[in-house]
1. For region 72-89, which residues satisfy the criterion of being of a type outside the set (Ser, Thr, Tyr) and either in a loop (DSSP other than H, G, I, E, B) or touching a Gly at 6+ places or on another chain (Cβ under 9 Å) (or both)?
2. Provide a single number: the residues in region 104-135 that are in contact with a Cys (Cβ under 8 Å, 6 or more places away or on another chain) and buried (at least 18 other Cβ atoms within 10 Å of the Cβ).
3. What do you reckon, is residue 83 of a type in the set (Lys, Arg), within 22 Å of the chain's Cα centre (by Cα) and surrounded by 18 or more Cβ atoms within 10 Å (Cβ to Cβ)?
4. Using the structure shown, decide if residue 98 is part of a helix (DSSP H, G or I), modelled with pLDDT of 95 or more and surrounded by 22 or more Cβ atoms within 10 Å (Cβ to Cβ).
5. List the pairs whose first member sits in region 146-168 and is under 13 Å from residue 186 (Cβ atoms), whose second member is not in a helix (DSSP H, G or I), and whose Cβ atoms are under 8 Å apart, counting only residues at least 6 apart or on separate chains?
6. Inspect all residues belonging to region 25-38 and state whether any of them is under 22 Å from residue 128 (Cα atoms), among the hydrophobic types (A, V, I, L, M, F, W, C), without any contact (Cβ under 8 Å) to a residue 12 or more places away in the chain and part of a helix (DSSP H, G or I).
7. Quick check on region 136-169: of everything there that is surrounded by fewer than 21 Cβ atoms within 10 Å (Cβ to Cβ) and not in a helix (DSSP H, G or I), which residue is modelled with the lowest pLDDT?
8. Considering only residues that are part of a helix (DSSP H, G or I), over 17 Å from residue 272 (Cα atoms) and not charged (D, E, K, R), which ones fall in region 177-202?
Amino acid sequence: MISSASNRFVNTHVLVILLLTMISCILISERTIFPDVPQRMKIEASILGGTMEPPYQYRVMKPFIGNLLQSALSPFIEDEVSRHAFSYQVMIFFVFLGVYFLFYKFLRNFFTENTCILGLFLLQVVIPLGITSIWEEGDYITLLLYLIGLNLMFSGKEKFLPLVIAVGVFNRDQIIYILFLYAAFLFFNGRIKDKKAFVNAAICVIIWGAGYLLLRNIFGFKESVYTIKHNVTTNINTWKSIAELWIAMISVFAFLSIISYKRSNKFFRFALISLIPYVMIYFLLAIVSQLAKFLPAFLVMIPMSLQVLTNEYTGDPLAETEKGQAQ
């Protein structure tokens with residue numbers, strides 16, 4: 001009887017993850033993939049052909065996978081436009097499936113099942129709000145890689161973190177920021193001076209640097225028009241629209257995270273503070289209205305917000321006791 005109820009509970013969670021995956025896939029398809037497929041095909045060809053402007057030229061992972069999928073589907077879908085669209089739909093379906101599954105798994109380190117499901121819904125609400133272009137699925141791949149990294153840390157398999165960096169550098173340079181979360185994890189476990197962890201982090205930096213240089217050696221060290229001066233000027237000149245967007249999308253999570261700070265565990269306290277330099281770097285190296293690039297920050301702010309919403313505080317001994325009883 002108990003086993004049957006447990007199975008139904010698990011099946012419900014699986015259905016929720018599949019439902020959220022489908023919703024995100026449909027939203028991204030309608031707002032990112034379908035609006036201008038011919039232009040997307042040109043972008044893909046430019047990146048793979050080595051003629052794209054930086055930094056987009058060095059983000060080869062997504063178009064490479066997309067091209068492989070299109071080749072595999074060519075016997076079944078003759079029309080190139082349809083084949084391109086369907087290939088990227090397949091890609092983002094599995095990306096979001098991984099995102100929701102791994103975010104649930106990550107949240108289970110701290111919360112009860114129902115709270116974890118609420119966290120998934122909050123993430124699903126946030127994802128479409130950051131859509132700003134027809135070519136940004138790579139930001140969701142970055143989110144997936146961050147979740148892979150976090151789950152490796154909390155499952156005692158952090159030694160594989162360099163592999164995440166090795167893959168991620170071919171998608172987005174920002175994968176290196178995961179080391180801030182790694183530092184938060186080490187602080188949480190009282191291992192901030194651990195020599196093995198330091199070596200592991202150093203290997204991550206070396207691999208990231210090697211991948212960074214390899215891409216530029218292959219495609220050339222191209223001068224980007226998106227300089228720090230350009231980004232800062234753009235961010236300042238568009239501050240009103242940026243403020244409105246950030247208030248709508250981030251302010252509530254930021255406010256709840258601050259409220260829960262004192263009753264959060266060391267990991268979330270350190271991780272939240274690390275978002276300050278992240279935002280500063282973001283302001284210098286990107287257009288801050290492109291909020292899809294800020295999605296990894298929600299892996300910190302959503303769990304911290306959940307603490308206030310559900311009264312399950314990760315740093316509160318009483319909350320830990322209640323969580324154990326609920327399980």
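The values are calculated or read from the model by the stated rules, or taken from the named source; none is laboratory data. Note that this is a predicted model, so its numbers are computed, not measured. Virtual Cβ from ideal backbone geometry, glycine too; neighbours counted across all protein chains shown.
1. Taking region 72-89 first, the residues of a type outside the set (Ser, Thr, Tyr) are 72-73, 75-81, 83-86, 89.
Selection gives 75, 76, 77, 78, 79, 84.
2. Step one: filter region 104-135 for residues in contact with a Cys (Cβ under 8 Å, 6 or more places away or on another chain), giving 104, 107-108.
Narrowing the set further to residues that are buried (at least 18 other Cβ atoms within 10 Å of the Cβ) leaves 104, 107.
Matching residues across region 104-135 total 2.
3. On the way: of a type in the set (Lys, Arg): yes; within 22 Å of the chain's Cα centre (by Cα): no; surrounded by 18 or more Cβ atoms within 10 Å (Cβ to Cβ): yes.
In short, no.
4. On the way: part of a helix (DSSP H, G or I): yes; modelled with pLDDT of 95 or more: yes; surrounded by 22 or more Cβ atoms within 10 Å (Cβ to Cβ): no.
So residue 98 fails the test.
5. 154/109
6. Taking every residue of region 25-38 in turn, at least one turns out to be under 22 Å from residue 128 (Cα atoms), among the hydrophobic types (A, V, I, L, M, F, W, C), without any contact (Cβ under 8 Å) to a residue 12 or more places away in the chain and part of a helix (DSSP H, G or I).
7. Across region 136-169, the extreme among qualifying residues is 136.
8. Of all residues in region 177-202, those part of a helix (DSSP H, G or I) come to 177-188, 195-202.
Next cut, over 17 Å from residue 272 (Cα atoms) only: 195-202.
Within region 177-202, 197, 198, 199, 200, 201, 202 meet the criteria.
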